[in-house]
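Before any comments, here is the structure.
Read-outs throughout are calculated quantities, based only on the coordinates presented, and are distinct from any laboratory measurement. If you're wondering where the values come from, they're calculated on a predicted model, not measured in any experiment. When we count neighbours, we look across all protein chains shown, and the Cβ atoms used for this are built from the backbone with ideal geometry, even at glycine.
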Amino acid sequence: MSSDFGKTLRVGVFGESHGVAIGVTVDGLPAGERIDMDELQAFLDRRRPGKNPLSTTRRETDVPEFLSGLRDGVTCGTPLCAVIHNSDHHSADYAELADKPRPSHADYTAWVKWRGQADMRGGGHFSGRLTAPLCVAGGIAGQILARRGVFVGAHLAAVGTEEDEIFPLHPTGELFRAVAAKPFPTLSDAAGERMQRVILDAREAQDSVGGIIECAAIGLPAGVGEPMFDGVENRLAAALFGIPAVKGVEFGAGFGSARLRGSENNDALRVENGRVVTETNRAGGILGGITNSMPLTLRVGIKPTPSIGQKQKTVSLSRMENTELTVHGRHDPCIAHRAVPVVEAVTACVLLDLLLEEHHGAF
Ligand SMILES: Cc1cc2nc3c(=O)[nH]c(=O)nc-3n(C[C@H](O)[C@H](O)[C@H](O)COP(=O)(O)O)c2cc1C
């Protein structure tokens, strides 16, 4: 199946944006883990839309209902299933899109793939709404990791051409918590103000903007992951590209390292308190697909929201002719700031999966 990922910890999302409910199944969670429901809900609320003009005005409470796998808030070891009921949908806004695919959305490719049978109301299974159940899985994975000293955090590194500061060489759990508590997830509040202006300007122009998310994980031991095709980078990239609108993933200095000389790019090694560390971290904590115990760092590029209010060129599929489309309905003028906890969630799920695998399912 393509809507799930992971080996020892298997995470699968299901549902459509305007169906009865969306949800997640998580198989392979360690038994006996207490899940703090308030913390989980606070995590989900960071992604939730409708809080301000920076996101779609669709109002959803995004409160998960657990059907299995949890008893009195403690994991049972059996497959966990959680659903989130859809309530605030305006399906009429999407009637025209059944015949006229939105440029840069999945309307056309889904129509080809499933011969017009997919429920594409509100973007269907391709909707950003499917990232809410992903955050249920990731919020739980994050709590289990934190109990073992592994912390995952992210911030909005750029919107359009406006940039935030970057994470320090050694980000801390406190820094992750501080940025997560902000209404707009940047390290620098001044940069955050500038980015919000860019988003509001795009909204005003019936347009949208993209952005970049920087994510880091600390507390990972050295030696996690496998070489070549099953490395930590491979596993993370495969899952992160499952987040709708992600068009790029890079680790450490990423594409920037291609412009450096070896003498500029290499991370010098030294011993510190009996541990091997590096003085810089352009490798992003991964060498040969295997962690080296330095912070794992990655960046995710998010494209501008496809649905914009401006008139655009498209086609009529029934008449097989060129036409124009004006997208109605409620859409995010920028996806990137809402996707910050989603990137954390997916990263946490993949890291927990890798650590469980390393410890034969009992990390
Ligand atoms: C949190 C989130 C919110 C999104 N909101 C919208 C939206 O309001 N309108 C839209 O057209 N696309 C939105 N998207 C993006 C589409 O779901 C995505 O572009 C589409 O499924 C095509 O997939 P691709 O961009 O990965 O190729 C959102 C994505 C995320 C992660």
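Numbers for the structure displayed
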{"item": "Virtual spin-label span in nm between Thr323 and Ser188, 7 Å along Cα→Cβ", "result": "4.7 nm"}
{"item": "Sequence-separation-based contact order of region 268-321, relative, with Cα cut under 8 Å and 6+ spacing, percent", "result": "19 percent"}
{"item": "Environment charge of Lys51, counting only residues whose C-beta is closer than 14 Å and scoring Lys/Arg +1, Asp/Glu -1", "result": "+3"}
{"item": "GNM top mover of Thr186, Thr347, Thr314 - the chain, alpha-carbon springs below 10 Å", "result": "Thr314"}
{"item": "Sum of side-chain charges, Ile290 neighbourhood, beta-carbon under 11 Å (Lys, Arg +1; Asp, Glu -1)", "result": "-4"}
{"item": "Length-normalised contact order for region 4-358 - Cα pairs under 8 Å, 6+ apart - percent", "result": "23 percent"}
{"item": "In Hz, Karplus ³J(HN,Hα) per residue of region 129-141 (6.51, -1.76, 1.60; θ = phi - 60°; x = Gly, Pro)", "result": "4, 5, 7, 5, x, 4, 6, 5, 4, x, x, 5, 4"}
{"item": "Degrees, to the nearest 10: 189-204 long Cα axis against longest axis of the chain", "result": "20 degrees"}
{"item": "Highest to lowest packing among 90-100, 69-79, scored as the average C-beta count within 10 Å", "result": "90-100, 69-79"}
{"item": "Tail fraction, Cα-Cα pairs, region 4-358, threshold 35 Å, whole percent", "result": "24 percent"}
{"item": "Number of Lys pairs (Cα under 15 Å; 8 or more positions apart or on different chains) in the chain", "result": "4"}
{"item": "Pairwise FRET efficiency - Glu174 versus Asn265, Cβ, R0 = 25 Å, nearest 0.05", "result": "0.25"}
{"item": "Ellipticity estimate at 222 nm from DSSP helix runs (n ≥ 4, -39,500 (n - 2.57)) divided over the chain, nearest 500", "result": "-8000 deg cm²/dmol"}
{"item": "Dimensionless Rg ratio for region 1-148, taking C-alpha atoms and the 2.2 N^0.38 Å reference", "result": "1.13"}
{"item": "Computed lengthening from Gln117 to Glu204, 0.36 nm per intervening residue step minus Cα-Cα distance", "result": "27.8 nm"}
{"item": "Listed residue (Leu356, Val20, Thr8) projecting farthest to the positive dipole end of the chain, Cβ model", "result": "Val20"}
{"item": "Distance (nanometres) between label positions extended 7 Å along Cα→Cβ at Met228 and Thr161", "result": "4.5 nm"}
{"item": "Surrounding net charge for Phe241, when Lys and Arg each add one and Asp and Glu each subtract one, Cβ distance under 15 Å", "result": "+1"}
{"item": "Residue list for region 51-79, given a label point 7 angstrom along the Cα-to-Cβ vector of Arg34 and an amide N cut-off under 11 Å", "result": "73-74"}
{"item": "Cα centroid separation, region 52-68 to region 281-327 (Å)", "result": "22 Å"}
{"item": "Whole-angstrom gap from region 1-42 to region 81-146, using each part's C-alpha centre", "result": "15 Å"}
{"item": "By average C-beta atoms within 10 angstrom, highest first, the peptides 319-328, 139-148, 33-42, 337-346", "result": "337-346, 139-148, 33-42, 319-328"}
{"item": "His359 versus Glu65: modelled label distance in nm, points set 7 Å from Cα along the beta carbon direction", "result": "3.4 nm"}
